[in-house]
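*Asks:* This is the structure I have questions about; it appears just below.
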Amino acid sequence: MQVLDYLKAAVEEGASDIFIVAGGYVSVKTEKRFRNISEIRVSPDAAASLIRDLYALAERSEDLCIQNKKDNFSLSVPGLARFRVNVFHQRGSIAAVVRVIQFGIPDWQEFGIKEQVMALANESRGLVLVTGLAGSGKSITEACLIDRINQTRECHIITIENPIEYLHRNQRSIVSQQEVAIDVEDSVTALQDCLLQSPDVIFLSEMQSPELIRMAISAAETGRLVIGTLYAKDAVSAIDYMIHSFPADQQETLRMRLSMVLRAIVSQQLLPGSNGKTIPAFEVMRSNSNIQSMIRNNEIYDIRGEIQNGKRGDMLSMDQSLLELYGDEMIEKDVVLDHAIDQEQMRRKMWVVRA
């Protein structure tokens with residue numbers, strides 16, 4: 001089979017990822033289960049040939065991969081789908097994991113995104129973060145938020161992505177999408193330059209470095225809406241990560257600036273559902289005077305209580321989200337307890353919900 005055949009097979013099966021690793025079969029992952037789609041194991045030469053074909057489809061040079069022994073890029077196959085390709089080396093041979101991205105923006109309701117999350121698209125300025133561990137569905141949530149803004153507001157949206165995952169067509173807004181290493185050299189340079197391009201909304205697909213965190217806060221301070229991604233389990237972890245990315249003598253100033261621009265943090269995780277499919281659970285933190293004070297005074301861990309006690313419809317704790325999913329019979333008891341922050345309290349509430 002050629003690489004295009006494997007791409008087609010993955011799309012037809014509704015797979016999320018394709019794995020090309022020497023010594024094993026070409027395989028796909030569907031709902032966290034793996035299935036082999038090649039008839040024989042892939043040799044190092046065969047793996048290299050398949051990956052060269054991916055570069056050819058993307059019309060991209062292999063030089064970066066040869067130099068750094070890794071690469072990250074995207075490609076489109078007309079009439080099929082988009083694919084995000086991560087190339088790496090293992091056991092002396094080249095390998096790749098290919099993420100399947102269907103054309104079009106996912107339906108936020110079908111994915112299970114709450115209106116409390118989608119309402120963040122109404123923010124006109126400040127910093128909004130979407131956080132979660134790898135594979136938690138952050139990209140889908142971010143795409144839906146950008147799409148909501150695109151449909152409802154007249155503004156200039158600039159996305160800086162590594163790589164581009166979903167294509168946004170101009171609707172009420174103008175959407176300029178920049179891919180790192182193709183359209184721009186790096187995220188830091190792109191963010192500096194985009195401030196001269198009259199943006200109203202800036203989306204950063206990654207905010208892991210201190211320099212990007214500092215620049216994102218600066219951009220939000222100018223009155224733009226900045227939506228960024230962090231690999232963090234929840235709002236408290238995200239805020240703690242940002243602050244402790246900087247030297248101790250800079251943290252007080254950073255806390256002050258962050259407290260002024262931070263508007264919201266949505267954190268999410270994907271759970272095994274009762275129907276065999278994955279179900280998203282969300283934590284939603286909306287900034288208020290109490291949370292601003294907690295950030296300024298370095299009382300970060302008190303924010304969990306503020307989220308738990310937030311006004312109904314305004315904030316949502318992860319435990320509340322889990323309890324709602326359990327009450328709707330979308331997830332099972334063991335899943336709830338595995339992911340609950342307060343297991344003892346959750347046990348009591350679960351008994352009442354399904355009593």
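The values are calculated or read from the model by the stated rules, or taken from the named source; none is laboratory data. Being a predicted model, the structure only gives us computed values, none of them experimental. For neighbour counting, all protein chains shown are included, and Cβ atoms are generated from backbone atoms with ideal geometry for every residue, glycine included.
*Asks:* Restricting the range 272-306 to residues that are in contact with a strand residue (DSSP E or B) (Cβ under 6 Å, 6 or more places away or on another chain) and modelled with pLDDT under 95, which is farthest from residue 239 (Cα to Cα)?
*Replies:* We begin by selecting, within the range 272-306, every residue in contact with a strand residue (DSSP E or B) (Cβ under 6 Å, 6 or more places away or on another chain); these are 273, 278-287.
Within this subset, residues satisfying the condition of being modelled with pLDDT under 95 are 273, 278-279.
Values: 273: 29, 278: 27, 279: 25 Å.
Looking at the filtered set, the residue picked out is 273.
*Asks:* Would you please list the contacts, defined by Cβ atoms under 6 Å and residues six or more apart or on different chains, that run from a residue in the range 250-275 that is more than 16 Å from residue 219 (Cα to Cα) to a residue that is among the acidic types (Asp, Glu) and buried (at least 18 other Cβ atoms within 10 Å of the Cβ)?
*Replies:* Close Cβ pairs (under 6 Å, with a partner that is among the acidic types (Asp, Glu) and buried (at least 18 other Cβ atoms within 10 Å of the Cβ)) amount to 267/234; 267/283.
*Asks:* Still on this structure: Name the single residue, out of those in the range 335-355 being within 14 Å of residue 279 (Cβ to Cβ) and of a type outside the set (Val, Ile, Thr), that is surrounded by the fewest Cβ atoms within 10 Å (Cβ to Cβ). Please lay out each step first, then the result.
*Replies:* First pass over the range 335-355, keeping only residues within 14 Å of residue 279 (Cβ to Cβ): 335-336, 338-339.
If we keep only those that are of a type outside the set (Val, Ile, Thr) too, we end up with 338-339.
Details: 338: 13, 339: 18.
Applying the filter and picking the extreme gives 338.
*Asks:* Would you mention how many residues in the range 319-355 are basic (Lys, Arg), touching a residue at least 12 places away in the same chain (Cβ under 8 Å) and in contact with a Leu (Cβ under 9 Å, 6 or more places away or on another chain)? Show your work before the answer.
*Replies:* Filtering the range 319-355 down to residues basic (Lys, Arg) leaves 333, 347-349, 354.
Checking the rest, the ones that are also touching a residue at least 12 places away in the same chain (Cβ under 8 Å) come to 333, 349, 354.
Then keep just the ones that are in contact with a Leu (Cβ under 9 Å, 6 or more places away or on another chain); that gives 349.
Going through the range 319-355 one residue at a time, the tally reaches 1.
*Asks:* Sticking with this structure for a sec: Enumerate the helices (runs of 4 or more DSSP H) found wholly within the range 292-355, keeping only those where 3 or more residues are of a type in the set (A, V, I, L, M) and over 19 Å from residue 263 (Cβ atoms).
*Replies:* Values: elements: 303-308, 318-327, 333-339, 343-353.
Qualifying helices (runs of 4 or more DSSP H): 318-327, 333-339, 343-353.
*Asks:* May I ask you to verify whether residue 211 is closer than 30 Å to residue 339 by Cβ, surrounded by fewer than 22 Cβ atoms within 10 Å (Cβ to Cβ) and in contact with a helix residue (DSSP H, G or I) (Cβ under 9 Å, 6 or more places away or on another chain)?
*Replies:* Judged against the criteria, residue 211 is not a match.
*Asks:* Please indicate, with yes or no, whether at least one residue in the range 25-38 is within 22 Å of residue 166 (Cβ to Cβ), at pLDDT below 95, β-branched (Val, Ile, Thr) and part of a strand (DSSP E or B).
*Replies:* Checking the range 25-38: at least one residue is within 22 Å of residue 166 (Cβ to Cβ), at pLDDT below 95, β-branched (Val, Ile, Thr) and part of a strand (DSSP E or B).
*Asks:* Something else: Look at the range 334-345 and say how many of its residues are over 24 Å from the mean Cα position of the chain (by Cα) and closer than 12 Å to residue 308 by Cβ.
*Replies:* Our first condition is that a residue be over 24 Å from the mean Cα position of the chain (by Cα); within the range 334-345, this holds for 334, 337, 342-345.
Checking the rest, the ones that are also closer than 12 Å to residue 308 by Cβ come to 342, 345.
The total comes to 2.
*Asks:* Surrounded by 15 or more Cβ atoms within 10 Å (Cβ to Cβ), under 25 Å from residue 25 (Cα atoms) and in contact with a Cys (Cβ under 8 Å, 6 or more places away or on another chain): does that describe residue 51? Break it down stepwise before answering.
*Replies:* Values: surrounded by 15 or more Cβ atoms within 10 Å (Cβ to Cβ): yes; under 25 Å from residue 25 (Cα atoms): yes; in contact with a Cys (Cβ under 8 Å, 6 or more places away or on another chain): no.
Judged against the criteria, residue 51 is not a match.
*Asks:* Scan the range 140-158 and give yes if some residue there is assigned by TED's automatic domain parsing to the domain that holds residue 214, surrounded by 19 or more Cβ atoms within 10 Å (Cβ to Cβ) and in a strand (DSSP E or B), otherwise no.
*Replies:* Yes; the residues of the range 140-158 include at least one that is assigned by TED's automatic domain parsing to the domain that holds residue 214, surrounded by 19 or more Cβ atoms within 10 Å (Cβ to Cβ) and in a strand (DSSP E or B).
*Asks:* Does the range 51-66 contain at least one residue that is assigned to a strand (DSSP E or B) and either outside the structural domain of residue 185 (by TED's automatic domain parsing) or in contact with a Lys or Arg (Cβ under 8 Å, 6 or more places away or on another chain) (or both)? Working first, answer last.
*Replies:* At the first step, the residues of the range 51-66 found to be assigned to a strand (DSSP E or B) are none.
No, because not a single residue in the range 51-66 is assigned to a strand (DSSP E or B) and either outside the structural domain of residue 185 (by TED's automatic domain parsing) or in contact with a Lys or Arg (Cβ under 8 Å, 6 or more places away or on another chain) (or both).
*Asks:* Right, next: Could you grab me the full set of residues in the range 79-117 that are crowded, with 16+ Cβ neighbours inside 10 Å and assigned to a loop (DSSP other than H, G, I, E, B)?
*Replies:* If the condition is that a residue be crowded, with 16+ Cβ neighbours inside 10 Å and assigned to a loop (DSSP other than H, G, I, E, B), then 80, 105, 106, 112, 113, 114 are the ones that fit.
*Asks:* Still on this structure, please answer the following. For the range 39-75, name all the residues that are within 19 Å of residue 164 (Cβ to Cβ) and hydroxyl-bearing (Ser, Thr, Tyr).
*Replies:* 55, 61, 74, listed by residue number.
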